[in-house]
Amino acid sequence: MKAAIIGLPNVGKSTLFNALAAAEVPTENRPFCTIDPNVARVPVPDPRLDAVAEASGMRRKVYATLELVDVAGLVKGASRGEGLGNRFLAQVREADAAVHVLRCFESKRIAHVSGALDPVDDAETVNTELILADLAVVERALDSARRRARSGHPDLKKRVEELEALHDHLGSAREGGRPALPEGGTPSLPLLTTMPTLYALNVAEEQLEEGGPADPAEKYAAKQRKLAVRVTAELESELAAMPESEQQDLRAGLGLPDQVLERFMQALRQLLNLNTFFTAGPSEARAWLLPKGATAWRAAGRVHTDFQQRFVRAEVTPWQAFIAVPGTAPELKGREYRVRDGDVLRFRWG
Ligand SMILES: Nc1nc2c(ncn2[C@@H]2O[C@H](COP(=O)(O)OP(=O)(O)OP(=O)(O)O)[C@@H](O)[C@H]2O)c(=O)[nH]1
Ligand SMILES: [Mg+2]
């Protein structure tokens, strides 16, 4: 599963990437600092895994990971090839979800591409470009479907009608008349506007909980029925570059919450519609991500192909029971069992 970090130039995309990936890719006070995408597998922090590891006596813990891609900034006109537009858009289309970073921090030092601090206006600029890029995709598909429909085949006529409706919808969304299409709701075209999207509101540390320019941005996200999470990208990227013990001291000293990135990654997990299950032993406790509704058989395949091919039963213990009463007898489930979020699984195979 892969998420692409999008937004205007110079809003803190690479800074957020560094915070999450504990990486040190270049971040600079100038637009288009990032040209080639940065890619990393980022752990999804999960205190439940810590508890499962402890209860099972496993020293080694392996968190689940998601792939993050940090791409170039998007500017007005990107859909017509301005800036690094086209290259950027192709990279975003390959992702399963988008993280849209909005600058909500004040700073005279950091240049703002549109001049003023206005996260809602920024979001609309980017969203309009996404709509325009999608319109171009639909227009190309429509041209080709119309040509083929001349054969008179009823399926092709229907396709043309579908695409025309889609084109109308996107056209009125651009004018603000209609919300864009629902997430995941398009037929067979890789559209940007239907990608699951999470807004990352890059705020100053005093506004991590509430207040400031992130307030209207939150309302805007809610109106679009999208998730929004406040992050302090710069501070977190600085902390990520320090040894763990120094990080803890500094957080305590400044009275900073330590779940900023955890909340963010959990929101991303929710956005991608993923559950977490755990395995404990023989040498490590590990968290795994699995699409919601997937079966024990599918979970077995995530862990080991042998477990799947020679699946006999899954032993299932909800994580709360697992940590509360060590040795709680698991329930035995068959391959069709739908894994629940937080299940600790052990596979019997033979
Ligand atoms: N004051 C402040 N500065 C920040 C914050 N986040 C990022 N910056 C600074 O803003 C500048 C741009 O950050 P980047 O992470 O490079 O921005 P970007 O969105 O990746 O930019 P492009 O790659 O050019 O599209 C850098 O100088 C960062 O240090 C923040 O939360 N507060
Ligand atoms: Mg960048």
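The values are calculated or read from the model by the stated rules, or taken from the named source; none is laboratory data. Just so we're clear, the structure is a prediction, and the values are computed from it rather than from any experiment. Cβ sites come from the backbone with ideal geometry, for glycine too, and all protein chains shown count toward neighbours.
At-a-glance table
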quantity: Any hit, segment 293-305, residues being at pLDDT below 95, in a loop (DSSP other than H, G, I, E, B) and either surrounded by 14 or more Cβ atoms within 10 Å (Cβ to Cβ) or among the aromatic types (Phe, Trp, Tyr) (or both); calculated: no
quantity: Any hit, segment 315-335, residues being over 20 Å from residue 51 (Cβ atoms), touching a residue at least 24 places away in the same chain (Cβ under 8 Å), surrounded by 14 or more Cβ atoms within 10 Å (Cβ to Cβ) and not charged (D, E, K, R); calculated: no
quantity: Failed condition for residue 10, given (1) touching a strand residue (DSSP E or B) at 6+ places or on another chain (Cβ under 6 Å); (2) near ligand 2 (Cβ under 10 Å from one of its atoms); calculated: (1)
quantity: Qualifying position, being within 15 Å of the chain's Cα centre (by Cα) and either more than 11 Å from ligand 2 (Cβ to nearest atom) or polar (S, T, N, Q) (or both), among 2, 61; calculated: 2
quantity: Members of segment 19-30 that are in a loop (DSSP other than H, G, I, E, B) and more than 9 Å from ligand 2 (Cβ to nearest atom); calculated: 22, 23, 24, 29, 30
quantity: Of all residues making up segment 126-140, the number that are buried (at least 19 other Cβ atoms within 10 Å of the Cβ) and farther than 14 Å from residue 80 by Cβ; calculated: 3
quantity: Flag for residue 49 being within 30 Å of residue 317 (Cβ to Cβ), in a helix (DSSP H, G or I) and of a type in the set (A, V, I, L, M); calculated: yes
quantity: Selection within segment 224-253 - in a helix (DSSP H, G or I) and either β-branched (Val, Ile, Thr) or in contact (Cβ under 8 Å) with a residue 12 or more places away in the chain (or both); calculated: 233, 234, 235, 236, 237, 239, 240, 251
quantity: Within segment 191-211, tally of residues that are over 18 Å from residue 5 (Cβ atoms), within 12 Å of ligand 1 (Cβ to nearest atom) and touching a residue at least 24 places away in the same chain (Cβ under 8 Å); calculated: 4
quantity: Hits in segment 1-18 - residues which are near ligand 1 (Cβ under 9 Å from one of its atoms) and either under 14 Å from residue 69 (Cα atoms) or in a strand (DSSP E or B) (or both); calculated: 5, 7, 12, 13, 14, 15, 16, 17, 18
quantity: Check on residue 42, more than 13 Å from ligand 2 (Cβ to nearest atom) and in contact with an Asp or Glu (Cβ under 8 Å, 6 or more places away or on another chain); calculated: yes
quantity: Residue 39 under 25 Å from residue 194 (Cβ atoms), buried (at least 21 other Cβ atoms within 10 Å of the Cβ) and at pLDDT 80 or above; calculated: no
quantity: Verdict on residue 75 being of a type in the set (Val, Ile, Thr), within 14 Å of ligand 2 (Cβ to nearest atom), in a loop (DSSP other than H, G, I, E, B) and crowded, with 19+ Cβ neighbours inside 10 Å; calculated: yes
quantity: Residues within segment 24-48 that are within 12 Å of ligand 1 (Cβ to nearest atom) and over 18 Å from the mean Cα position of the chain (by Cα), tallied; calculated: 13
